[in-house]
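S.K.: Input: one structure, supplied below.
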Amino acid sequence: MEEEREGMPVIEVEKLRKTYGDHVAVDDVSFAVEEGEIFGILGPNGAGKTTIVECVEGLRRYDGGKVSVMGLDPHHDKEQLRQRIGIQLQESELPPRLKVWEALQMYSTFYRDPADWRSLITDWGLEKKRDSRFGQLSGGQKQRLSIALALVGNPRIAVFDELTTALDPRARRETWELIERVRAQGVTVLLVTHFMEEAERLCDRIAVIRDGQLAALDTPAGLIAAAESEQRLRFTPSVPLDDSLLTALPEVTSVTRANARVTVTGTENLVYAVVSVLSRHGIVPGELRLEQPTLEDAFVKLTGTAPAAN
Amino acid sequence: MTGRSQLTLVETKLFLRDPTAVFFVIALPIMLLEIFHIITTNSDDTADQKAAMAAFVPAMAMSMCLTMLSLNLLPTTLATYREKGILRRMAASPVHPVNLLLAQLVINLATAVVAALLVLGVGRFAFDTALPEQVPAFLLTFALGAWALFSVGLVVAAIAPGSRAATSIGLSLLFPSLFFGGVFLPKEQLPDAVARIGDYTPLGATLQALRDSWEGQWPQTLHLAVLAAVGALCSVLAARLFRWQ
């Protein structure tokens, strides 16, 4: 009955459009997610990322375009889709007095072919919290429970929306490893995030969303290359430095300062040009660093906004 | 076990873990019976007045429980479930959240029935209160009263933006209901205008119809009609207005 092969799209979104009154939240967005991929949806807050995945999940109606998930229409075939998609929602809780095992056991009875909820408790490191109430769990434990709940129906596709936003950096890194484990089990993952590091580390491909539109769609490396960001050189000069010394160079496009530290951006031969002029004036560039363009640079260029602090 | 029955079972456990629920079921009706027992035994009322009280007190305790459950506990619980995204989490699973709402309704109704049985049993054996004489009328009134009051509670849950709002809307309906409905003071001691308004409130109509059935009379058509009308209107309103997120 399963006709999907490796590399076949399991999610297809074509010219998706969603408006709230006069406000166009999602406009003409198209992408396809292949089986077994971790597909990222990246964009600043309010760009329309959540609206897009909610249309895919069948939690929200859309006004135009077409969405197909494993050949199903998220609205007309809602019941069939619910059996095969695991959803972790942004900002959703469980009743505070509900115990961890009760939540997993109860949700497992909702599905025709559920996973073994007892092994999920072990897999997601919740054994010690098995009998704890939801209200007593830490942020990280709640997050692991919500991932386990998303997987309790043995889904083919898992959707994670801002999974790590509320977590501290260490818990975030642990969660990334868990997501990689989910994919290793053959589940296609749709990941909504506004963290560069997360997208770069986890995603095979990324759709960058800006103002409800698709700004770019590529692998993390592809996005960085396409953004063609400039080289950036940072150093602390041994003696005070006149900016004009550097701005006079044809290779330099900008010079900025933060306290004693100088940042110079420019083209290909930036390092040679800057170091030569400094040595000619007897200035030593302390703590010299050359920065290559990152996904963050690509993101800023594509969306015109600074990414969230990590 | 199917998802729906499992859901009802788990919701029942959660309900019983909440101490306020146990209070409404067991402590409140018995406290009311106890207090009125103390008042009536020490008063120098005539035998007729004491008999009237023996029929009033259990009907009042029963309507009180129904009202607290329907206007306070149920709307607050449902609004909290919506506010915290619990309904939405369920909407992302194969079981529609309407099943959660139905489970809550079943549990609260069952609680009201348990409270009613306690009022009848404890009242009869510990405090010498009367039992309803018109049993079919009593059962019909209880059913219509529960329908009307729980429907009002569902409308509150539907329109309240959050749990705090649900609690305050519920309470702002509760206190006037107690006053106009003849709970604080029996209807015959209320000014005519107040008693007249009380006839058209779900609590007032429930209490008067229960008292009639206690005293062996068939309840007034007006009271039963008010309950049926409120039940029908509010059920439709709640179904139309309820939001899952």
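S.K.: Counting only residues that are charged (D, E, K, R), out of contact with any helix residue (DSSP H, G or I) (no Cβ under 9 Å at 6 or more places or on another chain) and within 14 Å of chain B (Cβ to nearest Cβ), how many does the range A:29-57 have?
M.R.: Counting residues in the range A:29-57 that are charged (D, E, K, R), out of contact with any helix residue (DSSP H, G or I) (no Cβ under 9 Å at 6 or more places or on another chain) and within 14 Å of chain B (Cβ to nearest Cβ) gives 1.
S.K.: Considering only residues that are within 11 Å of another protein chain (Cβ to nearest Cβ) and among the polar types (S, T, N, Q), which ones fall in the range B:1-28?
M.R.: Listed by number, the residues that qualify are B:T2, B:S5, B:Q6, B:T8.
S.K.: Now for a separate question. Assuming B:P97 fulfils every condition listed in (1) within 9 Å of chain A (Cβ to nearest Cβ); (2) touching a helix residue (DSSP H, G or I) at 6+ places or on another chain (Cβ under 6 Å) apart from one, which condition is it?
M.R.: (1)
S.K.: Scan (1) out of contact with any Lys or Arg (no Cβ under 9 Å at 6 or more places or on another chain); (2) surrounded by 12 or more Cβ atoms within 10 Å (Cβ to Cβ); (3) more than 30 Å from A:F39 (Cα to Cα) for the single condition A:I224 breaks and write down its number.
M.R.: The single condition A:I224 does not satisfy is (3).
S.K.: Here is a list of conditions, (1) buried (at least 18 other Cβ atoms within 10 Å of the Cβ); (2) modelled with pLDDT of 85 or more; (3) among the polar types (S, T, N, Q), and A:S276 meets all of them except one; can you say which number that is?
M.R.: Tallying (1) buried (at least 18 other Cβ atoms within 10 Å of the Cβ); (2) modelled with pLDDT of 85 or more; (3) among the polar types (S, T, N, Q), A:S276 fails exactly one: (1).
S.K.: For the range B:89-106, state whether one or more residues are surrounded by 21 or more Cβ atoms within 10 Å (Cβ to Cβ), part of a helix (DSSP H, G or I) and of a type outside the set (A, V, I, L, M).
M.R.: Scanning the range B:89-106 turns up at least one residue that is surrounded by 21 or more Cβ atoms within 10 Å (Cβ to Cβ), part of a helix (DSSP H, G or I) and of a type outside the set (A, V, I, L, M).
S.K.: If you go through the range A:101-110 one residue at a time, do you hit one that is more than 18 Å from A:I11 (Cα to Cα), surrounded by fewer than 17 Cβ atoms within 10 Å (Cβ to Cβ) and touching a helix residue (DSSP H, G or I) at 6+ places or on another chain (Cβ under 6 Å)?
M.R.: Among the residues of the range A:101-110, not one is more than 18 Å from A:I11 (Cα to Cα), surrounded by fewer than 17 Cβ atoms within 10 Å (Cβ to Cβ) and touching a helix residue (DSSP H, G or I) at 6+ places or on another chain (Cβ under 6 Å), which makes the answer no.
S.K.: Okay, moving on. Sort out for me the strands (runs of 3 or more DSSP E) sitting completely within the range A:158-266 that have 2 or more residues that are in contact with a strand residue (DSSP E or B) (Cβ under 9 Å, 6 or more places away or on another chain) and within 30 Å of A:G40 (Cα to Cα).
M.R.: Hits in the range A:158-266: A:188-193, A:205-210, A:213-218, A:231-237.
S.K.: Considering only the range A:162-176, I want to know if a residue exists there that is polar (S, T, N, Q) and free of Cβ contacts under 8 Å to residues at least 24 places away in the same chain.
M.R.: There is no residue in the range A:162-176 that is polar (S, T, N, Q) and free of Cβ contacts under 8 Å to residues at least 24 places away in the same chain.
S.K.: Could I ask something else about it? Take the residues of the range A:144-159 that are within 18 Å of the chain's Cα centre (by Cα) and within 12 Å of another protein chain (Cβ to nearest Cβ): which is modelled with the lowest pLDDT?
M.R.: Filtering the range A:144-159 for residues that are within 18 Å of the chain's Cα centre (by Cα) and within 12 Å of another protein chain (Cβ to nearest Cβ), the one modelled with the lowest pLDDT comes out as A:S146.
S.K.: Does B:L139 qualify as being touching a residue at least 24 places away in the same chain (Cβ under 8 Å), surrounded by fewer than 23 Cβ atoms within 10 Å (Cβ to Cβ) and either among the small types (G, A, S) or within 25 Å of B:F36 (Cβ to Cβ) (or both)?
M.R.: So B:L139 fails the test.
S.K.: Let me spell it out: the conditions are (1) buried (at least 22 other Cβ atoms within 10 Å of the Cβ); (2) over 26 Å from B:S235 (Cβ atoms), and B:L144 meets all of them except one. Which number is the exception?
M.R.: Result: B:L144 passes all but (2).
S.K.: Of B:M68, B:M53, B:M31, which residue is more than 11 Å from chain A (Cβ to nearest Cβ) and under 25 Å from B:A158 (Cα atoms)? If you could, list the steps in order and put the result at the bottom.
M.R.: Values: B:M53 fails: under 25 Å from B:A158 (Cα atoms); B:M31 fails: under 25 Å from B:A158 (Cα atoms).
Going through B:M68, B:M53, B:M31 in turn, just one is more than 11 Å from chain A (Cβ to nearest Cβ) and under 25 Å from B:A158 (Cα atoms): B:M68.
S.K.: If you check A:E54, A:E37, A:E91, A:E79, which single one turns out to be farther than 18 Å from A:R210 by Cα and either hydroxyl-bearing (S, T, Y) or surrounded by 17 or more Cβ atoms within 10 Å (Cβ to Cβ) (or both)?
M.R.: Criteria check complete, one pass: A:E37.
Let's see how each residue does on (1) part of a loop (DSSP other than H, G, I, E, B); (2) on the phi < 0 side of the Ramachandran plot; (3) at pLDDT below 95; (4) within 14 Å of another protein chain (Cβ to nearest Cβ):
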position: A:L59; (1), (2), (3), (4): yes, yes, yes, yes
position: A:E79; (1), (2), (3), (4): no, yes, yes, yes
position: A:Q90; (1), (2), (3), (4): yes, yes, yes, yes
position: A:W101; (1), (2), (3), (4): no, yes, no, yes
position: A:L104; (1), (2), (3), (4): no, yes, no, yes
position: A:D113; (1), (2), (3), (4): yes, yes, yes, yes
position: A:S119; (1), (2), (3), (4): no, yes, yes, no
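The values are calculated or read from the model by the stated rules, or taken from the named source; none is laboratory data. From a predicted model like this one, the values you see are computed outputs, not experimental measurements. Methodologically, a virtual Cβ is constructed for each residue, glycine included, from the backbone with ideal geometry; neighbour enumeration extends over all protein chains shown.
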